[in-house]
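Data first, discussion second: the structure below is written as structure tokens.
The values are calculated or read from the model by the stated rules, or taken from the named source; none is laboratory data. These numbers were taken from a predicted model, which means no experiment stands behind them. Positions of Cβ are backbone-derived with ideal geometry, glycine not excepted, and every protein chain shown enters the neighbour counts.
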Amino acid sequence: MTLYDCTSLSGMTLYDCTSLSGMTLYDCTSLSGMTLYDCTSLSGMTLYDCTSLSEMTLYDCTSLYGMTLYDCTSLSEMTLYDCTSLSGMTLYD
């Protein structure tokens with residue numbers, strides 16, 4: 001899944017998206033919260049310029065092995081539950 005310039009999107013919650021294998025968000029500048037539940041095929045996630053994102057919660061994303069966040073400067077809380085394959089996370093200002 002790739003989203004570009006969704007500047008009015010303020011929240012995102014995904015449940016049981018078992019076929020979702022990747023997620024890339026560009027310039028979702030109003031996105032303040034993101035929660036993913038049981039996205040068991042999600043292997044990678046990259047966020048660019050999600051400058052309002054303050055909370056991110058991931059539950060049971062068991063195939064997620066890497067995340068890269070660029071300019072997510074408001075991120076103050078990240079919670080991960082049972083993301084057992086996660087081996088790397090990179091944050092850039």
Qualifying residues in the stretch 2-14 (those that are out of contact with any Ser or Thr (no Cβ under 7 Å at 6 or more places or on another chain) and at negative phi) - the one surrounded by the most Cβ atoms within 10 Å (Cβ to Cβ): Met12
Residues located in the stretch 55-79, provided they are in contact with a strand residue (DSSP E or B) (Cβ under 6 Å, 6 or more places away or on another chain) and of a type in the set (Phe, Trp, Tyr): Tyr59, Tyr70
Filtered residues of the stretch 2-31 (kept if within 11 Å of the chain's Cα centre (by Cα) and over 18 Å from Leu86 (Cα atoms)): Met12, Thr13, Leu14, Leu25, Leu31
Scan of the stretch 15-47 for residues that are part of a strand (DSSP E or B) and surrounded by 17 or more Cβ atoms within 10 Å (Cβ to Cβ), ordered by number: Met23, Leu25, Met34, Leu36, Met45, Leu47
Qualifying residue in the stretch 75-88 (condition: surrounded by fewer than 16 Cβ atoms within 10 Å (Cβ to Cβ), within 17 Å of Cys6 (Cβ to Cβ) and at pLDDT 95 or above): no
Counted residues, the stretch 48-73 - those being among the aromatic types (Phe, Trp, Tyr) and either exposed (fewer than 15 other Cβ atoms within 10 Å of the Cβ) or assigned to a loop (DSSP other than H, G, I, E, B) (or both): 1
Hits in the stretch 33-65 (condition: within 11 Å of the chain's Cα centre (by Cα), among the small types (Gly, Ala, Ser) and more than 16 Å from Met1 (Cβ to Cβ)): Gly33
